[in-house]
Structures are given as C-alpha cells and as structure tokens.
Amino acid sequence: AHPPYTTALAMCGAGKYLTWPVLPEPTTEIGPVCIVPFAEPLTQKLADNFRRYLDKYNAFLMEKHGITMVYPEDLERTWQLIDLIECTSKSIIMALAIGKLKSFSKDEVAELENTRRTRNMPLPGRPGVWKSLVDCYNFEEICK
C-alpha cells in the first residue's frame, strides 16, 4: 500500500519513527513497523531484503517505497491496521513539526502489555518469537 503520510516517512528516511512505541494503539495492536532496505520493486533482491524480518514483524515499511503488512486475522482487519499506521504516521509528522518526538519508556511499554493481553491481541511476527511487547522494541536505538 502507499498511504501518503506513511509513504512520506519512507521517502524522507524518517520511517524509523514507526519503529518506536509512540501511541498506545499501534504499540499494542501492531508493534514496531520494521524498515526494509530499498531494492527495485518486484525483484528477488527486494524479496530477499524481507527475509530477516518476516519471522519478527507484521508491518514492513520499504525504504523509498510504501508499506506492506501481514496479519493472522482477515484482510479487513489488516486494512484497519494499515489505516492505524497511516494515522500514526500523520501524527508523527505533526509532532515533528512542533518539536522532538517522545516515545514510551520500556516501563510504559511493559504496562501496555496488560492492554494487549486483555484485548487478546497477538504479538508481532511468528508465534513464540517474542515473549512480550518490550522484547519487540530496540530501546537502545530509540534513545539515541
């Protein structure tokens, strides 16, 4: 898909913000959106670039391109989550226009684990890859 705000983040190299836990809903419902290095569309190289991420994530932002997503429920729910990513991208762009973007802390994400479990939402990626939401995020990278 090529939703405009998400695609804008991919085009300007700011997609890293979608890897951060910045709002409760995308954090609990999607997890990090990983960044897939650019390669020509419809090529084996692009497919190969996905390989190291497929087990760990459900949402993939292709550098200088767009987004793709897999989800264990139906297609309608997948589209809803892509829309959630688009709304998050718009909020990120607006927040960056105002100032520095702040993400949730490791402790705050740990608290959101309760929300995820209460709503019976799966962790990103292949079942069993992550133990909790906290494990999904690279807090050392976020804090730079």
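Of the residues making up segment 31-62, those that are hydrophobic (A, V, I, L, M, F, W, C) and closer than 19 Å to Ile82 by Cα are Val33, Cys34, Ile35, Val36, Phe50, Leu54, Ala59, Phe60, Leu61, Met62. When the residues of segment 1-59 are filtered to those that are in a loop (DSSP other than H, G, I, E, B) and among the aromatic types (Phe, Trp, Tyr), the one that is nearest to Thr78 (Cα to Cα) is Tyr57.
Take the conditions among the small types (Gly, Ala, Ser), out of contact with any Phe, Trp or Tyr (no Cβ under 6 Å at 6 or more places or on another chain) and under 26 Å from Ala14 (Cβ atoms) and apply them to Ala97. Does it pass? So Ala97 passes the test.
Just to be sure, is Tyr17 of a type in the set (Phe, Trp, Tyr), open to solvent by less than 50 Å² (accessible area, probe 1.4 Å) and modelled with pLDDT of 95 or more? When the stated conditions are applied, Tyr17 passes them. Any residue in segment 34-53 that is open to solvent by less than 10 Å² (accessible area, probe 1.4 Å), of a type outside the set (D, E, K, R) and under 24 Å from Arg119 (Cβ atoms)? Looking through segment 34-53, at least one residue is open to solvent by less than 10 Å² (accessible area, probe 1.4 Å), of a type outside the set (D, E, K, R) and under 24 Å from Arg119 (Cβ atoms). State yes or no: is Thr68 of a type in the set (Val, Ile, Thr), touching a strand residue (DSSP E or B) at 6+ places or on another chain (Cβ under 7 Å), open to solvent by less than 50 Å² (accessible area, probe 1.4 Å) and not in a loop (DSSP other than H, G, I, E, B)? Spelling it out, it is not the case that Thr68 is of a type in the set (Val, Ile, Thr), touching a strand residue (DSSP E or B) at 6+ places or on another chain (Cβ under 7 Å), open to solvent by less than 50 Å² (accessible area, probe 1.4 Å) and not in a loop (DSSP other than H, G, I, E, B). The residues of segment 71-90 that are assigned to a helix (DSSP H, G or I), open to solvent by less than 60 Å² (accessible area, probe 1.4 Å) and in contact with a helix residue (DSSP H, G or I) (Cβ under 7 Å, 6 or more places away or on another chain), listed by number, are Leu81, Leu84, Ile85, Glu86, Thr88, Ser89. The residues of segment 56-65 that are out of contact with any helix residue (DSSP H, G or I) (no Cβ under 7 Å at 6 or more places or on another chain) and either open to solvent by 50 Å² or more (accessible area, probe 1.4 Å) or among the small types (Gly, Ala, Ser) (or both) amount to a single one, Lys56. Scanning segment 91-144 for residues that are part of a helix (DSSP H, G or I), surrounded by 14 or more Cβ atoms within 10 Å (Cβ to Cβ) and of a type in the set (Gly, Ala, Ser) gives Ser91, Ala95.
The values are calculated or read from the model by the stated rules, or taken from the named source; none is laboratory data. Bear in mind that the values here come from a model prediction, so they are computed numbers and not experimental data. Cβ: placed from backbone, ideal geometry, glycine included. Neighbour counts: every protein chain shown. With ligands, DNA and RNA removed, areas are computed over all heavy atoms of the protein, side chains included. Shrake-Rupley method; radii C 1.70, N 1.55, O 1.52, S 1.80 Å.
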